[in-house]
1. Test each condition in (1) within 16 Å of the ligand (Cβ to nearest atom); (2) surrounded by fewer than 15 Cβ atoms within 10 Å (Cβ to Cβ); (3) at pLDDT 95 or above for ASN227 and report the one that comes out false.
2. What are the residues in segment 1-10 that are in a loop (DSSP other than H, G, I, E, B) and in contact (Cβ under 8 Å) with a residue 60 or more places away in the chain, if any?
3. Scan segment 230-252 and give yes if some residue there is more than 23 Å from ALA24 (Cβ to Cβ), part of a helix (DSSP H, G or I) and either touching a residue at least 12 places away in the same chain (Cβ under 8 Å) or more than 10 Å from the ligand (Cβ to nearest atom) (or both), otherwise no.
4. Tell me, yes or no, whether segment 194-207 has at least one residue that is among the small types (Gly, Ala, Ser), modelled with pLDDT of 95 or more, more than 8 Å from the ligand (Cβ to nearest atom) and in a helix (DSSP H, G or I).
5. Tell me yes or no: at least one residue of segment 121-140 is within 16 Å of the ligand (Cβ to nearest atom) and under 30 Å from ARG67 (Cα atoms).
6. Keeping to segment 163-178, report how many residues are out of contact with any Lys or Arg (no Cβ under 8 Å at 6 or more places or on another chain) and either over 19 Å from MET131 (Cβ atoms) or surrounded by fewer than 16 Cβ atoms within 10 Å (Cβ to Cβ) (or both).
7. Would you please name the residue that is farthest from the ligand (Cβ to nearest atom), looking only at residues in segment 163-184 that are in contact (Cβ under 8 Å) with a residue 12 or more places away in the chain and among the charged types (D, E, K, R)?
8. Which residues, counting only those in segment 208-229, are small (Gly, Ala, Ser) and in a helix (DSSP H, G or I)?
Amino acid sequence: LTDSYTLANNNEIPVIGFGTWQSANGEEAYNAVKWALEAGYRHLDTAAVYGNETSVGQAIKDSGIDREDLFITTKLWNYQRNSYDDTLHAFSDSLTRLELSYVDLYLIHWPEPIEYRDHWQKLNADSWQAMETIYQDGRAHAIGVSNFRQKHLDELFKTAKVAPMVNQIFLNPGDQEKSIVGYNKAHQILTEAYSPLGTGNLLKNAAIAKIAAKHDRSAAQILIRWNLEHGYLPLPKSTHKEFIQSNADVFDFQLDDEDHLALDQLDGQEKQHTDPHEHNFHKTVAFLD
Ligand code: A2P
């Protein structure tokens, strides 16, 4: 858990992050983060739209762990990014909720929000300019994007002065996203994987169960290893203490060629249910209105 990847700006990032998407603000997210920190995770991934930054921040504070030993990511949501200034405000609001003076990574959460469909190019360019300011001020030690496809990154590169260091996408053996992953790599962008367990769906997959039985490991551990062995950064999410612990216990075994071959064949079986362009979280973000 202390192993790290190196970002394009030479910052270190712990190779597994603890995901908090769908962990409810309050006791659920607070306990999950508390258990994750106790289990040794030092990298936490949240977002304004998850609505749980307050609980994540509280759990960080109560842990007593030195801030410089933690890697905290949050993300800019669609409602508060109309302009350069809006983005700066959204970022300050996230810091306030987290009770932090900086984050280690700040991401644009969504490339093509439905309400900005006809001018997403300008939207992203303006937000990115603000992210560059935040980065230069030292309030985010790295900046990046999430759910971006090639056309979104090509467009961003036209105006960006600082290249994104991370692209966080839905990624697991059931949805291997070879095209964007290859693009990220060619541009020195680290690929982070949210839903590395296919939001839990892949845990029931027979091929994965077979590999798990062979190694005497859980299906979740196999899926997390798959990510690591590809050089991606998995962000497994759980609200159960035992799962949180075991999901991090993946550094004393390896998948073999036969396993990789079987896992490669699962591509396409667990596609993200929603097209990233169409997706929106309106119902979950009332607090940001
Ligand atoms: P829960 O949060 O109830 O503990 P993903 O990270 O791909 O989004 O998957 C998250 C889902 O997988 C959650 O529903 C989570 O359940 C479940 N999960 C996480 N780790 C495990 C595990 N080790 N065993 C079984 N289910 C798990």
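1. Here ASN227 meets the rest and fails (2).
2. Selection gives LEU1, ASP3, LEU7, ALA8, ASN9.
3. Pass one, segment 230-252, residues more than 23 Å from ALA24 (Cβ to Cβ): 230-233, 249-252.
From the residues that got through so far, the ones that are part of a helix (DSSP H, G or I) too are none.
Checked segment 230-252: no residue is more than 23 Å from ALA24 (Cβ to Cβ), part of a helix (DSSP H, G or I) and either touching a residue at least 12 places away in the same chain (Cβ under 8 Å) or more than 10 Å from the ligand (Cβ to nearest atom) (or both).
4. Yes, that holds for at least one residue.
5. First pass over segment 121-140, keeping only residues within 16 Å of the ligand (Cβ to nearest atom): none.
No, that holds for no residue.
6. 8
7. Narrowing segment 163-184 to residues in contact (Cβ under 8 Å) with a residue 12 or more places away in the chain: 163-176, 178-181, 183-184.
With among the charged types (D, E, K, R) added as a condition, the list becomes 175, 178.
Details: ASP175: 11, LYS178: 19 Å.
Taking the candidates together, the pick is LYS178.
8. We begin by selecting, within segment 208-229, every residue small (Gly, Ala, Ser); these are 209, 212-213, 218-220.
The answer is ALA209, ALA212, ALA213, ALA219, ALA220.
The values are calculated or read from the model by the stated rules, or taken from the named source; none is laboratory data. Quick caveat: nothing in here was measured; it's all calculated off a predicted structure. Quick reminder, even Gly has a Cβ in these numbers, built from the backbone with ideal geometry, and neighbours come from all protein chains shown.
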